[in-house]
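One structure is given here, and the rest of the page talks about it.
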Ligand SMILES: NC(=O)c1ccc[n+]([C@@H]2O[C@H](COP(=O)([O-])OP(=O)(O)OC[C@H]3O[C@@H](n4cnc5c(N)ncnc54)[C@H](OP(=O)(O)O)[C@@H]3O)[C@@H](O)[C@H]2O)c1
């Protein structure tokens, strides 16, 4: 597969790391090019690794510096893992970190061998290959390394570069935390359905399927802006319009979402470091 690295080490094979490895292998990465470092790999990870010839936890000193090292451990474990990671990284190794809240400076200051570093923020639909990841690179990252990063992170969904690292806080606030806002929307619709007289289980099924189907429609109609899709299903004076009059009022969803995303962005900024 083009742009897949010749060698890759995945540090942390949990939910996100596991989803990424699965994506790379399904895109044609040769499993023998991959090494997983994780103290307690799950049975599923062991099965996947065995099937594809991926090495797990080779003895220290047996791993040559890889072309890419992907850091998918929890942010709070970085300090403990840093010495081992530093030993794996060579001068030509690209580090791609998906750790929430850990800045490029946090990484280069703890891993003395780190040079080229990408900081990426994926989201949970990555588990089904439908995530979106925003990423920023430091000045040491070459165009070829950018291409490899895009190939690797596209294995779990869509991928976007941001111009500067500080924008990662905004990416976190919109798409990183965003799946929870959509799940909340389904919850609120279900509760309102109960208030409108529906049995709770039916209201939940209706709300859930509506969010699922609308997401799929938006996915398939990629060229149509969401506002247009909304207008396409809103007849003047109809039932949808009556609801949208409430949701789109001056104190409706737009200012509320604005405050929510601003709060998430501020929290991301506070947590970084
Ligand atoms: N899940 C998301 O939606 C999401 C979104 C954006 C960013 N992220 C970021 O992605 C990262 C991983 O999240 P996750 O949900 O995949 O977490 P996770 O399932 O807990 O995965 C982390 C994995 O790293 C392992 N690990 C711990 N210490 C290690 C060490 N020293 N060396 C190697 N592996 C080690 C853990 O093992 P044990 O379980 O045995 O400790 C676990 O398997 C986090 O930094 C998170 O901020 C996640």
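Can you find even one residue in the stretch 86-98 that is within 14 Å of the ligand (Cβ to nearest atom), in a helix (DSSP H, G or I), more than 23 Å from the chain's Cα centre (by Cα) and within 30 Å of residue 264 (Cβ to Cβ)?
Narrowing the stretch 86-98 to residues within 14 Å of the ligand (Cβ to nearest atom): 86-89, 95-98.
Filter once more, so that each one left must be in a helix (DSSP H, G or I): 86-88.
Filter once more, so that each one left must be more than 23 Å from the chain's Cα centre (by Cα): 86-88.
Filter once more, so that each one left must be within 30 Å of residue 264 (Cβ to Cβ): none.
No, every residue in the stretch 86-98 fails to be within 14 Å of the ligand (Cβ to nearest atom), in a helix (DSSP H, G or I), more than 23 Å from the chain's Cα centre (by Cα) and within 30 Å of residue 264 (Cβ to Cβ).
Which condition number in (1) surrounded by 15 or more Cβ atoms within 10 Å (Cβ to Cβ); (2) outside any helix (DSSP H, G or I); (3) within 24 Å of the chain's Cα centre (by Cα) is the one that residue 198 fails?
Going through the list (1) surrounded by 15 or more Cβ atoms within 10 Å (Cβ to Cβ); (2) outside any helix (DSSP H, G or I); (3) within 24 Å of the chain's Cα centre (by Cα), residue 198 breaks only (3).
Could we say that residue 108 is under 30 Å from residue 164 (Cα atoms), within 10 Å of the ligand (Cβ to nearest atom) and either out of contact with any helix residue (DSSP H, G or I) (no Cβ under 7 Å at 6 or more places or on another chain) or not in a helix (DSSP H, G or I) (or both) here?
Numbers: under 30 Å from residue 164 (Cα atoms): yes; within 10 Å of the ligand (Cβ to nearest atom): no; either out of contact with any helix residue (DSSP H, G or I) (no Cβ under 7 Å at 6 or more places or on another chain) or not in a helix (DSSP H, G or I) (or both): yes.
When the stated conditions are applied, residue 108 does not pass them.
Which residue pairs have Cβ atoms under 7 Å apart, sit 6 or more places apart or on different chains, and have a first residue in the stretch 258-270 that is more than 15 Å from residue 180 (Cα to Cα) and a second that is in a helix (DSSP H, G or I)?
Filtered contacts from the stretch 258-270: 268/169; 268/172; 268/173; 269/169.
Which of (1) within 10 Å of the ligand (Cβ to nearest atom); (2) in contact (Cβ under 8 Å) with a residue 60 or more places away in the chain is the odd one out, the single condition residue 103 does not satisfy?
If we test residue 103 against (1) within 10 Å of the ligand (Cβ to nearest atom); (2) in contact (Cβ under 8 Å) with a residue 60 or more places away in the chain, just (1) comes out false.
How many residues does the stretch 115-153 contain that are assigned to a loop (DSSP other than H, G, I, E, B) and closer than 16 Å to residue 72 by Cα? Working first, answer last.
At the first step, the residues of the stretch 115-153 found to be assigned to a loop (DSSP other than H, G, I, E, B) are 115, 122-123, 129-130, 138-142.
Now drop any that are not closer than 16 Å to residue 72 by Cα, which leaves 122-123.
So the count comes out to 2.
If residue 100 satisfies all but one of (1) within 19 Å of residue 13 (Cα to Cα); (2) out of contact with any strand residue (DSSP E or B) (no Cβ under 8 Å at 6 or more places or on another chain), what's the number of the condition it fails?
The failed condition is (2).
Suppose we filter the stretch 155-170 for residues that are within 15 Å of residue 125 (Cα to Cα) and in contact with a strand residue (DSSP E or B) (Cβ under 8 Å, 6 or more places away or on another chain); how many remain? Spell out the reasoning first.
To start, the set of residues in the stretch 155-170 that are within 15 Å of residue 125 (Cα to Cα) comprises 155-159.
Filter once more, keeping what is in contact with a strand residue (DSSP E or B) (Cβ under 8 Å, 6 or more places away or on another chain): 156-159.
Residues that pass the stated criteria total 4.
Go through the stretch 24-82 and count every residue that is within 21 Å of the chain's Cα centre (by Cα), farther than 26 Å from residue 104 by Cα and not in a helix (DSSP H, G or I).
5
Taken together, the values in this text are just the output of simple stated rules run on the coordinates, not laboratory data. Worth saying up front: this structure is predicted, and the values here are computed from it rather than measured. Quick reminder, even Gly has a Cβ in these numbers, built from the backbone with ideal geometry, and neighbours come from all protein chains shown.
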